[in-house]
2 protein chains.
Amino acid sequence: MPRESEIISKIRHRARKSNNVIVGIGDDAAVLRTSDGKDLVACCDLMVEGVHFSRAWAPPKLIGRKALAVTLSDIAAMGAVPRFALISVALPGECSSEYVDEMFEGILEMADSRGVSVVGGDTSSSPDSLFIDTSVIGECERGRAVTRSGARVGDMIYVSGSLGASALGLKLLEGGFRLDVSKEASDPAQQQALLKHLAPDAQLKLGRAIGEARLATAMIDISDGLSTDLSHILAESDCGAIIRADAIPIAQCLFSLASVSDHLQLAVNGGEEYELLFTAGPDRQQQLAELAEALDVSLSAIGQIVEKKGLQLERNSVLESLDPCGYEHLI
Amino acid sequence: MPRESEIISKIRHRARKSNNVIVGIGDDAAVLRTSDGKDLVACCDLMVEGVHFSRAWAPPKLIGRKALAVTLSDIAAMGAVPRFALISVALPGECSSEYVDEMFEGILEMADSRGVSVVGGDTSSSPDSLFIDTSVIGECERGRAVTRSGARVGDMIYVSGSLGASALGLKLLEGGFRLDVSKEASDPAQQQALLKHLAPDAQLKLGRAIGEARLATAMIDISDGLSTDLSHILAESDCGAIIRADAIPIAQCLFSLASVSDHLQLAVNGGEEYELLFTAGPDRQQQLAELAEALDVSLSAIGQIVEKKGLQLERNSVLESLDPCGYEHLI
């Protein structure tokens, strides 16, 4: 059970240095220098043990890694570049120094790999559960942040990567399966699903490129599930959408681990994918195809923005209403 | 037990609008516009039920108010102006909608009164305790942030306001005393101590004025106690200090509620005061006196920065070593 001063001292020496960090960890507040003429973006994401994760499911490094990745994903969804992070943790008494070190190593490795400086935070004991709140400040060209409110009738709807693996990974964890760290004799499909859930990545390069080239009219990251997150875009943009069942990219691991009848449900309603969901004018198809190839990411056009409110699913040439059934924490 | 979408919807409509908030609550991240040529300051503070507060001690409005005030105090200690806040809360199941509304009302009232826009956040359920993490972004003139590291030998040490009331308030709360909301027949000294602990204010005007006029060489807010926080300045500035016992401003309520032998202990080691502690060149005395009068705050010169490392207390013309005995959470 490390003291606050020990934690701060370690992170202070370990954290990435940057010319933009005038004062980092160790003062009342960090002093930061951003580029003149740019907009700032800022957000935070809270991970609570017993609600968002279980310590039994993952080593502390992956818990730390994910805590920052999910917030970086929000920055990606704005088409912005993350610059600085603040980390607040509340630690149960049984967390050893080694545990806390590893968790912060996961946070700091993720930060380093994305050019993000951890510039401050707060630590506390916790009477019960482990809490990690990460706040990230980023920047983008003035006026180029991609919000949820710009989708227009006729826009195409795109999603990056494939869907369903994270929800399947969660099911596997709940069923007692664990990440095989030995990497021997492990089922690759199972590992893919578990890793998608436990070690998600933020689509920062894609988000930034989309923002800089103004390719999207609206964008969000899939944290609550495609149906729920698309509904957020529709609500903010005051329009409706039709998505095609056969166009939704199903994660490879579902084909060997989930029954066919569950594929669509997992892909449409499964949360914590951290893929980007965005709308773009039909004239952007060629540019988006080139961008996907350049960045080596897959992009699927899954439907269209329409005037009629609500979200509809086209399956076997039949339109059905699709309710946002993704995950929302009942609090 | 309100849903996340209900909380967000309410705060979104209630939160202060500002020309600098291009996109506020309700997107993946807030989009903010700060002034070109300024430095940003950013920090966060975590309040955990059972560690930092008890729900039995204060109405939710004061809990929310304090959660933001303590972070604003860090911004004050940098000599900066707070602009934007992100709020993360984890709510136990038994928190009603009314409870959550009141808590956010406390946060938003504090934000409004200090010109701060709440621009985002996150909510979650909590298996056990209530957690509130507030992150604040502020700004100051380039290069004018007041850090902990600039104190020089010969500087005078100042503290704003008076000390000891918050620690006394905590003792009273632990002893079963409560804030008298009826305001009838209540002991004014008791109320003063309880309010200092439960509803502290951030010395934003003073901090900003000190920063803008470059009056201080180093500054910190007293959250862990004078002895501990002054030691932070000494460690960062690589120097020592002598403070005079008879110069330390004792809070009025201590004279009627605490035995004389406890006064110094409460004032020197009591935490959560949120007064400003700073060092300034001896040539700044006149300017500081004028500033104190203009802002109607009291400033006490309590000692001097010396070359000899460590913190010493001069009492009855005798120097004794003073260990930093303020509060540090054992985590």
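The values are calculated or read from the model by the stated rules, or taken from the named source; none is laboratory data. All values derive from a computational prediction rather than experimental measurement. Methodologically, a virtual Cβ is constructed for each residue, glycine included, from the backbone with ideal geometry; neighbour enumeration extends over all protein chains shown.
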Q | Among residues of the stretch A:61-110, those that are of a type in the set (S, T, N, Q) and assigned to a loop (DSSP other than H, G, I, E, B), counted | A | 1
Q) Out of B:R12, B:R33, which single residue is over 20 Å from B:A76 (Cβ atoms) and within 7 Å of chain A (Cβ to nearest Cβ)? A) B:R33
Q. How many residues does the stretch B:224-258 hold that are surrounded by fewer than 24 Cβ atoms within 10 Å (Cβ to Cβ), in contact with a helix residue (DSSP H, G or I) (Cβ under 8 Å, 6 or more places away or on another chain) and under 18 Å from B:V297 (Cβ atoms)?
A. 4
Q. For B:A58, all conditions in the list (1) assigned to a helix (DSSP H, G or I); (2) in contact with a Leu (Cβ under 7 Å, 6 or more places away or on another chain) hold save one; what is the number of the exception?
A. (1)
Q: Could you please find all residues in the stretch A:15-30 being more than 7 Å from chain B (Cβ to nearest Cβ) and of a type in the set (A, V, I, L, M)?
A: A:A15, A:V21, A:I25
Q: Please enumerate the residues belonging to the stretch B:202-232 that are touching a Phe, Trp or Tyr at 6+ places or on another chain (Cβ under 9 Å) and under 25 Å from B:S317 (Cβ atoms).
A: B:G225
Q) In the stretch A:125-159, how many residues are part of a loop (DSSP other than H, G, I, E, B), more than 7 Å from chain B (Cβ to nearest Cβ) and closer than 16 Å to A:S231 by Cα? A) 6
Q. Residues B:T217, B:T228, B:T134, B:T147: which one is at pLDDT 95 or above and touching a Pro at 6+ places or on another chain (Cβ under 7 Å)?
A. B:T228
**Q.** Filtered residues of the stretch B:204-241 (kept if touching a Leu at 6+ places or on another chain (Cβ under 7 Å) and away from every other protein chain (no Cβ under 12 Å))
**A.** B:L204, B:K205, B:L206, B:A209, B:L215, B:L226, B:S227, B:L230, B:L234, B:G240, B:A241
Q. Which one is nearest to B:D122 (Cα to Cα), of the residues in the stretch A:45-63 that are more than 7 Å from chain B (Cβ to nearest Cβ) and surrounded by fewer than 19 Cβ atoms within 10 Å (Cβ to Cβ)?
A. A:S54
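With buried (at least 19 other Cβ atoms within 10 Å of the Cβ), of a type in the set (D, E, K, R), within 7 Å of chain A (Cβ to nearest Cβ) and under 19 Å from the mean Cα position of the chain (by Cα) as the only criterion, which of B:D39, B:D74 stands out? Step through it out loud before you land on a result.
Working: B:D39 fails: under 19 Å from the mean Cα position of the chain (by Cα).
Every option except B:D74 fails the conditions.
Kindly evaluate B:L68 against the criterion of being surrounded by 24 or more Cβ atoms within 10 Å (Cβ to Cβ), in contact with a helix residue (DSSP H, G or I) (Cβ under 8 Å, 6 or more places away or on another chain) and in contact (Cβ under 8 Å) with a residue 40 or more places away in the chain.
Values: surrounded by 24 or more Cβ atoms within 10 Å (Cβ to Cβ): yes; in contact with a helix residue (DSSP H, G or I) (Cβ under 8 Å, 6 or more places away or on another chain): yes; in contact (Cβ under 8 Å) with a residue 40 or more places away in the chain: yes.
The answer is yes for B:L68.
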